[in-house]
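No value in this document is a laboratory result; all are computed from the given coordinates. Worth saying up front: this structure is predicted, and the values here are computed from it rather than measured. Don't worry about glycine lacking a Cβ; one is built from the backbone with ideal geometry, like all the others, and counts go over all protein chains shown.
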Amino acid sequence: MNQLNKLPTRERILHMLKMSGSLSAKEITSELQITEMAVRRHLSTMERDGLIESKLIRQTMGRPTSVYGLTELAEGLFPKNYHTLTLDLLGELENEVGEETIRLLFEKRRDKLKLQYESSMEGIPFAEKVKKLAQIQNENGYMTEFEQNDDGNYVLKEHNCPISQIANRYNQACDCELSLFKSLLNTEVKRTECLAQDGERCIYIISNRE
């Protein structure tokens, strides 16, 4: 039996679109051997969830046909080994020019991120700055939440690290993230737990300046 047939209908549709490219509801129905109404219900839900998008294709004859394709969000559901290539390249670079160059690369990335985000931090209360930082990290895939302690300081927790495989090998990535937080918030920030050092999450204690 085809392994794809064992998947739930939603996952089967995603795999079909990944393998075949854009498909119409009729083509998906024909492949899945279920009713077109059921297919359209799945497509509607997946489009609402941001996993697929539709576009009209004009025909030489007849009415235009809607076809469905994967969004960038859906593409992220499929395995990718970018980190392996990155680690290989960093390893080669380290062997050629030394560890100091690796540190400089991470620092340049930190400086680039600072330039990218610092304007959004200007002129807002400190609490809003912490909220904005959490939002930025969430958008970058860190699954971030924050809260304010009784002492007035903030605790920011990252439950995921999109670059964990790299950070596990190169702690400079973690050091630069901490430095970035300090720079954007202009306050003392301490990391008390780190995913790259066998922690369950990354935890930052942010001193309240107000």
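Descriptive notes on the structure:
- Restricting the GluC sites (Glu not before Pro) of the stretch 105-169 to loop positions (DSSP other than H, G, I, E, B) with no more than 13 neighbouring Cβ atoms within 10 Å leaves GLU122.
- Annotation: lysines with alpha-carbon distance below 17 angstrom to LYS112 (same-chain offsets under eight excluded): LYS182.
- Annotation: peptides 62-71, 168-177, ranked by per-residue average of other Cβ atoms within 10 Å with the highest first, follow the order 168-177, 62-71.
- Helix 36-48 and the longest principal axis of the C-alpha atoms of the chain enclose an angle of approximately 20°.
- For the chain, convex hull volume per residue from C-alpha positions, Å³: 211 Å³
- In summary, the stretch 3-75 shows an alpha-carbon radius of gyration equal to 1.07 times the 2.2 N^0.38 Å reference for compact globular proteins.
- Inverting the pair-averaged 1/r between distinct Cα atoms of the stretch 82-206 gives 15.3 Å as its Kirkwood hydrodynamic radius.
- Restricting the stretch 9-49 to GluC sites (Glu not before Pro) in coil, as DSSP defines it, with at most 14 other Cβ within 10 Å: none
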